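K.L.:
Here it is, the structure, as structure tokens.
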Amino acid sequence: MTEEKKVDLTEEVALINDARTNPDAFGLLYERYVGKIYNYVYFRVGNANDAEDLTAKVFFKALKNIGTYRHLGLPFSAWLYRIAHNLVANHFRDRAKVTEVSIENLVIPDTSRSSSPEVYLSKKQDNTYLLRLINDLTPQKRELIILKFVQKLSNAEIAVVFGKTEGAIKSLYHRTLTELKDRAKDDNETRI
């Protein structure tokens, strides 16, 4: 190891030790490595917003755990890259579990020849209104509606998807329909 790298490593260890109690010292570590960590994360996720969020999480986690950091002869950046690697892996794993479906894309237009323009427009307005009500539901209730009416799954199949009992799905379904009915009633009363 060259003398210059030894001095840099010694300086870095001193800065890390200072960062345990001094936020300004951690700020210097942040400034030193934020660009490198951001670039690493960006090339892994391919999205600037996600890269910014994950980079912030890397440094927040590093700040939170700086007291447990042990210098093992490697640059501090190796620890930061390890944190980044784990957060990126979690990011992809979490994204794979949650798939967002835009409910607007699930409406199938009525293309029957018997529909007059007035009936078509009325149905389109009804669909838009219904979509607005459904989009205001919690994600779980919105997913239930999609699984039930778009995917046409049974309560038993939905129970497997949600990891719940069929009775719990029936109860959730009832609460969801009641909520939609109440919201529609409230909207109609405010329009009058």
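K.L.:
In segment 123-141, how many are farther than 11 Å from Glu179 by Cβ and either open to solvent by 50 Å² or more (accessible area, probe 1.4 Å) or of a type in the set (Phe, Trp, Tyr) (or both)? First the steps, then the outcome.
P.N.:
Of all residues in segment 123-141, those farther than 11 Å from Glu179 by Cβ come to 123-132, 135, 139-140.
Retained after the next criterion (residues that are either open to solvent by 50 Å² or more (accessible area, probe 1.4 Å) or of a type in the set (Phe, Trp, Tyr) (or both)): 123-130, 132, 135, 139-140.
Within segment 123-141, residues that are farther than 11 Å from Glu179 by Cβ and either open to solvent by 50 Å² or more (accessible area, probe 1.4 Å) or of a type in the set (Phe, Trp, Tyr) (or both) number 12.
K.L.:
Here is a further query. Within segment 82-91, can you find the residues that are modelled with pLDDT of 85 or more and either under 19 Å from Tyr30 (Cβ atoms) or surrounded by 12 or more Cβ atoms within 10 Å (Cβ to Cβ) (or both)?
P.N.:
To start, the set of residues in segment 82-91 that are modelled with pLDDT of 85 or more comprises 83-84, 86-91.
Selection gives Ile83, Ala84, Asn86, Leu87, Val88, Asn90, His91.
K.L.:
Can you tell which of Tyr38, Tyr33 is assigned to a helix (DSSP H, G or I), open to solvent by 40 Å² or more (accessible area, probe 1.4 Å) and not hydrophobic (A, V, I, L, M, F, W, C)?
P.N.:
Numbers: Tyr33 fails: open to solvent by 40 Å² or more (accessible area, probe 1.4 Å).
Exactly one of Tyr38, Tyr33 is assigned to a helix (DSSP H, G or I), open to solvent by 40 Å² or more (accessible area, probe 1.4 Å) and not hydrophobic (A, V, I, L, M, F, W, C), namely Tyr38.
The values are calculated or read from the model by the stated rules, or taken from the named source; none is laboratory data. Computed from a predicted structure; not experimentally measured. When we count neighbours, we look across all protein chains shown, and the Cβ atoms used for this are built from the backbone with ideal geometry, even at glycine. Heavy atoms of the whole protein, side chains included, go into the accessibility calculation; ligands, DNA and RNA do not. Shrake-Rupley method; radii C 1.70, N 1.55, O 1.52, S 1.80 Å.
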